[in-house]
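This report refers to the structure that appears directly beneath it.
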Amino acid sequence: MVHGHVAALKKLSGDPFPDAKADHWQRFPLQDIEGLRNAVLGADLDAVQMAGRKIGGSLAFSTYDGVILSSGFIAGNAMARGVLSDAAVTVGIVLSQVGGFRVCLRQAPEGTVGILLPGCEVDVLCAPGSMYVTATLDLRRLEDGLGRRFLQSAVHSKPLAQEKLKELREALLRVHLGEETEAGVHIGSTMLRAVISHYANDRGTTTASRPSSYETIVRLAQQYIDRHLASPISITDITTACGSSRRTLYRAFLEVLGDTPNHYLRRLRLHRIRRDLMAVDQLATISASAKKWGIAEHGRMSGWYQELFGEKPSATVAAQSLRAISRAWL
C-alpha cells in the first residue's frame, strides 16, 4: 500500500525516471578488440589493444523508457576513443576498477560519475577488472530530472554513494556472468535516480584536481601522433611537441599508458593497418597498407601484427575476402 502511494506520487510529480518492473539485457562476449568499438551502444569508437592482457570480458545492452543502457566488464588492457553520441547526452559510472581506469587520461576511481554532452570526444583506458555502466538519453530530459543545465561535459567531484554503487555493481555483475538480474532491481531507473540524488546532495560538477604534468605530456603527445600518424615520427618530434625531455616523455607514457612512446606509436599504426585489411568494400594489400602507415619492414610488421592480434595479416585478408564474396553472393 505504501509502495503504491509512493509510485502514484512520483507519477503525479512527473518523475522522469519512474520505477520499472524488469530489465531485459542482451550480453555479448568480447572476443576481439574490434568488439570494444561498441562499448556504448550507438557509438563508433576507435578501440586499441594496449600493452598487457588481451581484450576479453563482455558487453551488455538494454533499453528503458527511451534510455539506452550500456555496460562493459573488461578483462584486458584496452583503450576506446571517440564520440559517444552526436545527438544525446551520456551519463557514466565507473562500477569497479581493480587494475586502473582512466577517463581522458585521468584516474577514475570506483564510483566516478561523469556526464558527456552530445558531440564531445572521450577516451577511456581500461584494465582487467574494469566495469562501467552508461545511460544515453535526451539532454533536456536529464536536465529536467536534475533540475539544472549542463553547459559542458564534466566529472563529479565526489564518487557515488557506496550503497548505490554496490547495488548497481552486483546487479550488472550478474548480467555479465549470464545470470538474470535480481527481482526488484531495475538497473536503468536505479542508476539514473542515483545520479539525480548524487547531484542533489552535492552540486559539484568538475574534477577536484587538475591534470598531472605526466597526463598533460601524454595528451600533447597523443595529439601530435594522431595528426602525423601516416608520416615519419621520431621521439625528438614528440618531445618537441610536448615540450619535455626524452626521459620525462618515457616516464609519462609508462605512468599513464603503461607503454613506451615507440610501442604506442607502432600499436596505433598496426591498428590502422588492420582496419584497412578488414574493410570489406575496399580490400587493401598488406604491403600497401603497411607502407601507407609508415611500417616498411614487411617481415617484422607481420610478426608484430600476429603478436598483437593473434593472427597473421594474410589471415585477416583471407577472412575479409570470404566475407566480401559472401556479401556479393547474397
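The values are calculated or read from the model by the stated rules, or taken from the named source; none is laboratory data. All of these numbers come straight from a predicted model, not from anything done at the bench. Positions of Cβ are backbone-derived with ideal geometry, glycine not excepted, and every protein chain shown enters the neighbour counts. Only protein heavy atoms, including side chains, enter the accessible area calculation; ligands, DNA and RNA are left aside. Shrake-Rupley method; radii C 1.70, N 1.55, O 1.52, S 1.80 Å.
For the reader, a short list of remarks on this structure follows.
- Rounded to the nearest 10 Å², the accessible area of Met50 at probe 1.4 Å: 10 Å²
- Region 295-312 residues near the modelled Ser287 label - backbone nitrogen below 15 Å, point 7 Å along Cα→Cβ: 295-302
- Solvent exposure of region 91-186 amounts to 46 Å² per residue of accessible area, where only protein heavy atoms count and the probe is 1.4 Å.
- Partner aspartates and glutamates for Lys291 [C-alpha distance under 13 Å; skip if fewer than 8 residues away on the same chain]: Asp276
- Considering only the Cα atoms of region 123-174, their convex hull presents on average a projected area of 5.2 nm².
- Only protein atoms count toward the accessible area here, which uses a 1.4 Å probe; on region 65-181, the carbon and sulfur part of that area reaches 51 percent.
- Using only Cα coordinates, the Kirkwood hydrodynamic radius of region 238-307 works out to 13.5 Å.
- Applying 0.36 nm per residue to the separation of Gln31 and Arg275 and subtracting their alpha-carbon distance, the gain on full extension is 86.2 nm.
- Solvent-accessible ranking of Phe28, Phe150, largest area first, probe 1.4 Å: Phe28, Phe150
- Accessible-area rank, largest first, for Thr236, Thr260, Thr316, Thr216: Thr236, Thr216, Thr260, Thr316, with all protein chains present and a 1.4 angstrom probe.
- In this simple spin-label approximation, Ser314 and His298 carry label points 7 Å from Cα along the Cα→Cβ vector, and these lie 1.1 nm apart.
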